[in-house]
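The next block holds one structure in the form of structure tokens; read it before the comments.
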Amino acid sequence: MSSSRVQMNFFAWLDDELRDGLASDVTAVNFDISEVADGFVVSMIAANAYDPDDGDWASSAVVFRTKRSFRELTYELLGTTEWQQGEMWCAKLVVAYLESTNSILCRFPVSVGFVDGTLRSVWPGS
């Protein structure tokens, strides 16, 4: 699968997951990355608390979680099994989405990171 196809599928997944909007008390969004047997999966959470100085802010105050995970960041696509590449791809997809849409997500600070790791801010511009 090509990277442009993955981006298109990511945008469609996120649009579908956000179809019903977010709770009114959301203050920040994080894209959680988890490693699975053949690559990485991504889910999105929204929280009603945010601390830019806390690299683990998204572990509490979750008010929204995507129903499905995005599962197309395979080792085969990335050409590696290194977690840093999975995180980089996720960040690129998220920023591309935010830059190309007028999504509700554009209003919030957005980060990406592994469920058990430090979160990296990607929006507004890092």
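Here are a few things to note about the model shown:
- Within region 44-62, considering residues that are in a loop (DSSP other than H, G, I, E, B) and in contact (Cβ under 8 Å) with a residue 40 or more places away in the chain, the one surrounded by the fewest Cβ atoms within 10 Å (Cβ to Cβ): Pro52
- Take the conditions (1) surrounded by fewer than 15 Cβ atoms within 10 Å (Cβ to Cβ); (2) under 21 Å from Met88 (Cα atoms); (3) free of Cβ contacts under 8 Å to residues at least 24 places away in the same chain; Arg65 misses just one of them, which is (2).
- Enumeration of residues in region 1-29 that are hydrophobic (A, V, I, L, M, F, W, C) and either buried (at least 17 other Cβ atoms within 10 Å of the Cβ) or touching a strand residue (DSSP E or B) at 6+ places or on another chain (Cβ under 6 Å) (or both): Val6, Phe10, Trp13, Leu14, Leu18, Leu22, Ala23, Val26, Ala28, Val29
- Positions within region 80-94 being farther than 11 Å from Gln7 by Cα and assigned to a helix (DSSP H, G or I), in sequence order: Trp83, Gln84, Gln85, Gly86, Glu87, Met88, Ala91
Bear in mind these aren't lab numbers, they're just calculated from the coordinates by the rules spelled out. None of the values given here were measured: they were computed from a predicted structure. Here the Cβ is made from the backbone with ideal geometry for all residues, glycine too, and neighbour counts use every protein chain on show.
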